[in-house]
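Student: Input: one structure, supplied below.
The values are calculated or read from the model by the stated rules, or taken from the named source; none is laboratory data. Treat the numbers as computed from the prediction; the structure is a model and nothing was measured. When we count neighbours, we look across all protein chains shown, and the Cβ atoms used for this are built from the backbone with ideal geometry, even at glycine. For accessibility, only protein heavy atoms count, side chains too; no ligands or nucleic acids. Shrake-Rupley method; radii C 1.70, N 1.55, O 1.52, S 1.80 Å.
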Amino acid sequence: MENQIKNIVIVGGGTAGWMVASRLAAKHQSQPQANISITLIESASVKPVGVGEGTWPSMRNTLKSIGISEAEFIIECDATFKQGSKFNGWLTGEKSDSFYHPFELPQDFANCNLLPHWQAVGQSLSFSNAVSFQQKLCEQGLAPKQITTPEYASVANYGYHLNAAKFATLLQKHCLKKFSIKHLVDDVIKVNSAQNGDIASVTTKVNGDISGDLFIDCSGFASILLGGHYKVPFIEQHDTLFVDHALAVQLPYQDEQSPIATTTQSTAMPAGWIWDIGLQSRRGIGYVYSSRHTSEIEAEAQLMNYLGKDSAQVDIKKIKIKAGHRAHPWEKNCIAIGLSAGFLEPLEASSLVQVELSAEWLCDQLPATRSTMDIIAKRFNEAFTYRWARIIDFLKLHYVLSKRTDNEFWLENRQPESIPESLQESLALWQHHYPWHHDSERSNEIFSSASYQYILAGMGFNTQSKHLSSNEENALAMKNFTRNQAVTTKYLQHLPQHRQLLAQIRQYGLAPMKTG
Ligand SMILES: Cc1cc2nc3c(=O)[nH]c(=O)nc-3n(C[C@H](O)[C@H](O)[C@H](O)COP(=O)(O)OP(=O)(O)OC[C@H]3O[C@@H](n4cnc5c(N)ncnc54)[C@H](O)[C@@H]3O)c2cc1C
């Protein structure tokens, strides 16, 4: 076939590069007659960013699809189970101010919108406690499954917390053992164009020119193909999402039996927020802050204050964040995936999931020939431009709903000129209409309307609807509230402590997935 896409070149060996390589290989090299070759080039001198420890439940599917055993992943990556996020101090900053965004959907979410009914019945429980059993599991430090639950199956929906450096290493090891991937440790120093404007090859320091039909830019913030070569504009988002620096530390547990949190703890600070992620052997903690609203010295002092008496032992890694994304991720025969396509900030862990969705799309729609590539590129660009806008709205929502007044950071976050029009429109709509399926109509939304409900209800946003529910709707809602309490009681009795399950997995592994 003419112009067939056979040679794929990936530039970058961070999490994005290896995740894309493994998904492509698992799908497109599985048949003996497959003739797709994959080359991955990574620099020895430019290290992967080495952060990014919170994932979405989609990671289970990604790992399963590339054939990594869940037990192996948990052991090798120091991984733990993540059941959502807990937000501390985001609304007022008072001690009692916290809410959950669990991964479990509200009870019967497909058929019944519980938000209006929760608002109507007096709210003796938080929304997340009234509609989902997962908050209680998190509060009691319970795991989302039992040792007898097969690999990747769940009792409660979960993603992971993981050691980012170990994860990239595991993906690399797995790829090189299981798939046929040419791995070059080398620096790309030049990009060479074909007559039609495609990339014909990249020149490397040691291995010379590497040609390809499709180039995947996974070169991190450097974005050497999409940004450097094609100069696709970078759309900055600092006027909307203010944080631009991170101070990251790793902290050992005080003792070997300390409980391991099963949510990402996100604690609001005067000029940003602190993430706190529990792995098996240590915690990963970082203050993401806006340098317009605090100095590095102040931010460091606040981080040390958060760490308390443990602060003496830590080394601080400083990372600059340029919030934004390229105008489009696919240009000619080059597609950017990962940080090379953009990054906003770590809130709600939206980055690795974008890598997963991009890789999944590419695997599914891998252009067969050069002539179909432009059509696929157009659709990919449309889908991911929409995704960036949706993620920006969702992240900004957390800041907009805050009532904190302790720093200009929080006050400026509520200034209308910093709020995207699309979010302003949704907020105006939700004054009188409860968010539900109409608010997330596309398949594969990263943040569905359930996520919006958890944040809106958690941060005290009240909808004043003019419409009344029918008797049938009221009855179904009451049934679902009751069912949720029954399920909560049952799971609290049967699920193990998080640390206990992780120790059992290390000892016995997990039962294989059921097939067929
Ligand atoms: C502070 C912070 C916190 C984050 N937290 C989260 C989180 O909780 N959850 C989440 O999902 N995401 C998070 N992220 C994002 C996450 O870290 C990234 O999505 C993920 O690590 C993927 O990075 P990458 O592979 O695109 O880039 P990198 O890890 O930077 O890898 C880039 C690769 O390109 C190679 N390279 C660069 N230049 C060249 C060259 N000239 N020649 C050859 N190779 C080259 C490098 O050697 C490296 O292998 C966070 C990011 C930051 C900054």
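Student: Please compute the length gained on full extension between residue 487 and residue 298, using 0.36 nm multiplied by the number of residues separating them and subtracting their Cα-Cα distance.
Tutor: Details: separation 189, 0.36 × 189 = 68.04 nm, distance 4.55 nm.
In short, 63.5 nm is gained.
Student: Starting from segment 60-112, pick out the GluC sites (Glu not before Pro) whose DSSP state is loop and whose Cβ has at most 10 other Cβ atoms within 10 Å. Could you put the intermediate results ahead of the total?
Tutor: Values: sites: 70, 72, 76, 94, 104; in loops: 94, 104.
Hits after loop and neighbour filter: 94.
Student: Within the set of other residues whose C-beta is less than 14 Å from the C-beta of residue 282, count the net charge using Lys and Arg as +1 and Asp and Glu as -1.
Tutor: Numbers: positive: 166, 283, 317, 499; negative: 53, 78, 255, 256, 276, 310, 315.
Residues near residue 282 contribute -3 overall.
Student: Which whole-Hz couplings ³J(HN,Hα) result when phi for each residue of segment 90-95 is put into the Karplus expression 6.51 cos²θ - 1.76 cosθ + 1.60, θ = phi - 60°, listed in order with x for Gly and Pro?
Tutor: Taking θ as phi minus 60°, the curve returns 6, 7, 10, x, 6, 4 Hz for segment 90-95.
Student: Once you list every other residue whose beta carbon is under 13 Å from the beta carbon of residue 185, what net charge do they have if Lys and Arg are +1 and Asp and Glu are -1?
Tutor: Numbers: positive: 47, 182, 205; negative: 42, 186, 187.
Around residue 185, the charge tally is 0.
Student: Starting from the amide H of residue 204, placed 1.01 Å from N in the peptide plane, find each other amide H under 5 Å away whose residue is 5 or more places distant or on another chain.
Tutor: When sequence neighbours closer than 5 places are left aside, the close amide H contacts are 189, 209, 210.
Student: Then there's this: Want the number for residue 421 to residue 195: 0.36 nm per residue separation, take away the alpha-carbon distance, what's left?
Tutor: The residue 421-residue 195 span can extend by a further 77.3 nm.
Student: Here's something else I'd like to know. Quick one: what are the phi-derived ³J(HN,Hα) couplings along segment 273-290, Karplus 6.51/-1.76/1.60 with θ = phi - 60°, whole Hz, x for glycine and proline?
Tutor: 7, 10, 8, 9, 10, x, 9, 5, 9, 7, 9, x, 10, x, 9, 9, 9, 9
Student: While we're here: Using the Karplus curve 6.51 cos²θ - 1.76 cosθ + 1.60 with θ = phi - 60°, work out ³J(HN,Hα) for each residue of segment 3-12 in order, rounded to whole Hz, and write x for Gly and Pro.
Tutor: For segment 3-12, the Karplus curve yields 6, 5, 8, 10, 10, 10, 10, 10, 9, x Hz.
Student: Of the heavy-atom accessible surface of the chain (probe 1.4 angstrom), what whole percent is carbon and sulfur?
Tutor: Working: 11240 of 22260 Å².
Answer for the chain: carbon and sulfur cover 50 percent of the accessible area.
Student: Return one whole number: the accessible area per residue of segment 1-97 in Å², for a 1.4 Å probe. Intermediate values should be presented prior to the final figure.
Tutor: On the way: 3710 Å² over 97 residues.
It amounts to 38 Å² per residue over segment 1-97.
Student: Out of segment 252-332, which trypsin sites (Lys or Arg not before Pro) are coil in DSSP terms and have no more than 15 other C-beta atoms within 10 Å? Show your work: numbers first, answer last.
Tutor: Values: sites: 282, 283, 292, 309, 317, 318, 320, 322, 326, 332; in loops: 292, 322, 332.
Those satisfying the criteria are 292, 322.
Student: Is there a pair in 95/479; 86/309; 47/309; 317/403; 47/177; 231/320 whose C-alpha atoms are over 26 Å apart, and which pairs would that be? Numbers along the way, then the final one.
Tutor: Working: 95/479 34 Å; 86/309 23 Å; 47/309 31 Å; 317/403 31 Å; 47/177 22 Å; 231/320 21 Å.
Listed pairs above 26 Å: 95/479; 47/309; 317/403.
Student: Right, something else. Amide H to amide H under 5 Å from residue 245: which residues, 5+ apart in sequence or cross-chain, H placed 1.01 Å off N in plane?
Tutor: 289, 291, 321
Student: If we restrict to alpha carbons, what Rg and Dmax does the chain come to, in Å?
Tutor: Calculated on Cα positions, Rg and Dmax stand at 23.3, 73 Å.
Student: At 20 °C and a viscosity of 1.002 mPa s, what translational diffusion coefficient does Stokes-Einstein give for segment 358-486, taking Rh as the Kirkwood radius over Cα pairs? Give it in µm²/s as a whole number. List each step's numbers first, then the result.
Tutor: Working: Rh = 17.8 Å.
Taking Rh from Cα pairs, D becomes 120 µm²/s.
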